[in-house]
Amino acid sequence: MSECLTGRLRRLAAATIITVILGGCAALPPPTLPVTVTVGTRAAAETVAALQAAKSYSLEVEASDPPAPAELMQLAKAALAAHSLQPAEDDAKVPADLIIRLSLITETSKAESFVDRITNSSIWVGTGGSGFNLSIDLSGPKVIARSIRWQFKSAQNAQLQQEITARVSADKAWDTRAMQAVLRASLRDFPLAPVNQRVIQQPLTDQP
């Protein structure tokens, strides 16, 4: 076999290997980076049985500042469906078992003084004169954390049966995947009510 033909075969084999590798990479699932969620539950022990028996609910996303993203309602319903809870029909003859209130709480840093807003300052002196440079951060308070709070109430007497708060640092983008991860983490133990606060590493993924 000539050296020219051998070289062509080698190049063809290398191209085939690269194609197979790239094809395999394209088939891999999206990354599942974890998001750290701190979850706390407040409930009376006797309410767990009532929550376990519940099958339907009425859900309301409470007004917040800034407003909750539009997709939060649907993401919340998907998270509840994983626990066999379904929304009650508006015209249903049988009322919902639960009234659920969902809140989005945004934590911001405290207002800073003028001195705290100075990010850089310098004095320069030269043959043409002198001057003073001052850089000021005018962006205002910064978001430091976000929390999702569930309130589960009995539809019969409006008694609060369980309250769950899930808090996540603002160092990650607050997008659909992040909201989905926080909602799932918040309901991981539901309807049980662990006494201690939990820190959950929830996968951040596009998978339903």
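Can you find a residue in the range 71-88 that is closer than 17 Å to Arg146 by Cα, assigned to a loop (DSSP other than H, G, I, E, B) and not aromatic (Phe, Trp, Tyr)?
Within the range 71-88, one or more residues are closer than 17 Å to Arg146 by Cα, assigned to a loop (DSSP other than H, G, I, E, B) and not aromatic (Phe, Trp, Tyr).
Read through the list (1) at pLDDT 70 or above; (2) not in a loop (DSSP other than H, G, I, E, B), then give the number of the only condition that Val94 fails.
Of the numbered conditions (1) at pLDDT 70 or above; (2) not in a loop (DSSP other than H, G, I, E, B), the odd one out for Val94 is (2).
List the strands (runs of 3 or more DSSP E) inside the range 121-188, counting only whole elements, that have at least 2 residues being over 27 Å from Ala68 (Cβ atoms), open to solvent by 60 Å² or more (accessible area, probe 1.4 Å) and at pLDDT below 90.
Correct list: 129-136.
Of all residues in the range 45-59, count the ones that are surrounded by fewer than 16 Cβ atoms within 10 Å (Cβ to Cβ) and within 27 Å of the chain's Cα centre (by Cα).
Applying the first criterion (surrounded by fewer than 16 Cβ atoms within 10 Å (Cβ to Cβ)) to the range 45-59 yields 45-46, 49, 52-53, 55.
Pick out the ones that are also within 27 Å of the chain's Cα centre (by Cα) and you get 52, 55.
Number of matching residues: 2.
So that you can scan it fast, the table gives a plain yes or no per residue for (1) of a type outside the set (Ser, Thr, Tyr); (2) closer than 22 Å to Gln197 by Cβ:
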| position | (1), (2) |
| --- | --- |
| Thr47 | no, yes |
| Pro67 | yes, no |
| Gln74 | yes, no |
| Ala79 | yes, yes |
| Val94 | yes, no |
| Arg101 | yes, yes |
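The values are calculated or read from the model by the stated rules, or taken from the named source; none is laboratory data. These figures come from a predicted structure and were not determined experimentally. Neighbour counts run over all protein chains shown; Cβ positions are idealised from the backbone, glycine included. Calculation scope for accessible area: heavy atoms of the full protein, side chains included, ligands and nucleic acids excluded. Shrake-Rupley method; radii C 1.70, N 1.55, O 1.52, S 1.80 Å.
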